[in-house]
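Notes follow the structure.
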Amino acid sequence: MDKQDPKTDFFVVKALEDGVNVIGLTRGTDTRFHHSEKLDKDEVMIAQFTEHTSAVKVRGKAIIQTSHGQLDNK
Ligand code: TRP
């Protein structure tokens, strides 16, 4: 079976409290924050890994779903 392009993978973050940060980190040799999205309680962000984003940092209580499974950060 062909492996899916990791850049097209989606992930979902559902905030369980106000002020959860979803921070995108740049792809390539220079790893830095390029975007920070603030979610309030019960807000949901659906996003992809892209040519610009290879890692994501989630700060705060949230439910995170990826193709690898679900993580409840409570
Ligand atoms: N412009 C960004 C990009 O295309 C938007 C983005 C996609 C993003 N996925 C993200 C921002 C994850 C933060 C976290 O890469």
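Every number in this text was worked out from the coordinates using simple rules, so none of it is lab data. Computed from a prediction, not measured in an experiment: that's the story for all the values here. Every residue, glycine as well, gets a Cβ built from its backbone with ideal geometry; the counts of neighbours run over all protein chains shown.
At a 10 Å Cβ-Cβ cut-off, how would you order LEU25, LEU39, LEU71, fewest neighbours first?
By the 10 Å Cβ count, ascending: LEU71, LEU25, LEU39.
What is the dipole size for the chain, taken about its Cα centre, with +1 at each Lys and Arg Cβ and -1 at each Asp and Glu Cβ, in debye to the nearest 20?
Dipole size: approximately 220 debye.
What is the list of residues in segment 16-37 whose amide nitrogen lies under 18 Å from a point 7 angstrom out from the Cα of ILE63, following Cα to Cβ?
16-22
What is the Cα coordinate range of the chain on the first, second and third principal axes, sorted by size from largest, in whole angstrom?
Between the extreme Cα coordinates on each principal axis of the chain lie 36, 31, 15 Å.
Let me know the number of lysine pairs in the chain closer than 27 Å at the Cα, not counting same-chain pairs under 8 apart.
18
I'd like the FRET efficiency for LYS74 and SER54, computed as 1/(1 + (r/R0)^6) with the beta carbon distance as r and R0 of 25 Å, rounded to 0.05.
After rounding, the FRET efficiency stands at 0.40.
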